[in-house]
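The values are calculated or read from the model by the stated rules, or taken from the named source; none is laboratory data. Not measured: the values here are computed from a predicted model. Because the Cβ atoms are built from the backbone with ideal geometry, glycine has one as well, and the counts that use them run over all protein chains shown. Side chains are part of the model used for accessible areas, which takes the heavy atoms of the whole protein and leaves out ligands, DNA and RNA. Shrake-Rupley method; radii C 1.70, N 1.55, O 1.52, S 1.80 Å.
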Amino acid sequence: MTTPKTKTTKMKTAQAAQTTQTTPPPEPETPSAPHPRALNYSRTTATATRVLRQLGHDPRTIALLLLIPCVMLFLLRYVFDGSPRTFDSIGASLLGIFPLITMFLVTSIATLRERTSGTLERLLAMPLGKADVIAGYALAFGTLAIIQSALATGLAVWFLDLDVTGSPWLLLVVALLDALLGTALGLFVSAFAASEFQAVQFMPAVIFPQLLLCGLFTPRADMHPALEAISDVLPMSYAVDGMNEVLLHTDMTANFIRDTSIVAGCALLVLTLGAATLRRRTT
């Protein structure tokens, strides 16, 4: 004989079974497509092409990048018109310093403009890895750095009669590495500036101390020991040392290889740090 309590239990069981049958199981969540991490050649070159096309619409920027180092070297040559040996002694060093400064200035301002306008954020919303973006920017500005360094080196050696013992091609290598270092520093610094004016203000903080301590005005060995120790960790010091190696030696020396390797390593390190500053979302 079935009791009322038993009937109630059976009804609840039937209702639970019916609910289980009529309620559809939850649909599995579709995972969002992960952003690519590996460096991709086509994505990198597409980013570089876009940056170069955009720079092509700004002739003043192109003129600043390509002509200012040449103009500065030209002025320097005739400032020391009565003392050609002075130009020979500092011209090689400045051949590397001028491209570094101009590439730093232009790259920091141009990249900051991309950040503040939202262009960089839209790029990161696309299937582009951070490595693709930063490598694309570096490739675009690096292409301009090659042209800039070639023009400045050719002007100094074959027109302004800069007297160097080593090969002019080694001068070009150091000038190119310096320009790439300026590009990397500009990309990195742009992450910490809120306006183009602030980007320019970073120059005294980032460039001027290196300019004073790189050995251009006095040998680093003659500096105060504390300043000499600081100069030992600044990449511009090794850029100047590399230029001096070409100035004084006919062949590629071990010190030249060490100096250029340090400059190249610093550029790669700063580019990596610049990639770490990229954000996929802005607050």
Exercise. Among the residues of region 208-225, is there at least one that is in contact (Cβ under 8 Å) with a residue 24 or more places away in the chain, more than 19 Å from residue 102 (Cβ to Cβ) and more than 18 Å from the chain's Cα centre (by Cα)?
Worked result: yes
Seminar exercise, completed: When (1) open to solvent by 30 Å² or more (accessible area, probe 1.4 Å); (2) outside any loop (DSSP other than H, G, I, E, B) are applied to residue 217, the one that fails is (2)
Exercise. When only residues in region 251-267 that are open to solvent by 70 Å² or more (accessible area, probe 1.4 Å) and not polar (S, T, N, Q) count, which is farthest from residue 95 (Cα to Cα)?
Worked result: 254
For this session: Return the only residue of 53, 43 being surrounded by 13 or more Cβ atoms within 10 Å (Cβ to Cβ) and among the charged types (D, E, K, R).
Result: 43
For this session: Could you pull out the residue among 123, 187, 155 that is at pLDDT 85 or above and of a type in the set (A, V, I, L, M)?
Result: 155
Problem set entry | Enumeration of residues in region 155-175 that are assigned to a helix (DSSP H, G or I), closer than 22 Å to residue 264 by Cα and open to solvent by 20 Å² or more (accessible area, probe 1.4 Å) | 168, 169, 170, 172, 173
Seminar exercise, completed: Per the list (1) exposed (fewer than 10 other Cβ atoms within 10 Å of the Cβ); (2) modelled with pLDDT of 80 or more; (3) of a type in the set (Asp, Glu), residue check on residue 58 breaks on (1)
Exercise. Looking at (1) free of Cβ contacts under 8 Å to residues at least 60 places away in the same chain; (2) within 30 Å of residue 131 (Cβ to Cβ); (3) not polar (S, T, N, Q), which is the only condition residue 266 fails?
Worked result: (1)
Exercise. Of the residues that make up region 70-92, is at least one under 20 Å from residue 186 (Cα atoms) and modelled with pLDDT of 85 or more?
Worked result: no
For this session: Tell me, yes or no, whether region 2-17 has at least one residue that is of a type in the set (S, T, N, Q), open to solvent by 100 Å² or more (accessible area, probe 1.4 Å) and either modelled with pLDDT under 85 or farther than 28 Å from residue 248 by Cα (or both).
Result: yes
For this session: Hey, can you tell me all the residues within region 178-214 that are surrounded by fewer than 16 Cβ atoms within 10 Å (Cβ to Cβ) and of a type in the set (D, E, K, R)?
Result: 196
Seminar exercise, completed: Going through region 236-250 in order, the residues found to be within 17 Å of residue 163 (Cβ to Cβ) and open to solvent by 10 Å² or more (accessible area, probe 1.4 Å) are 244, 245, 247, 248, 249, 250
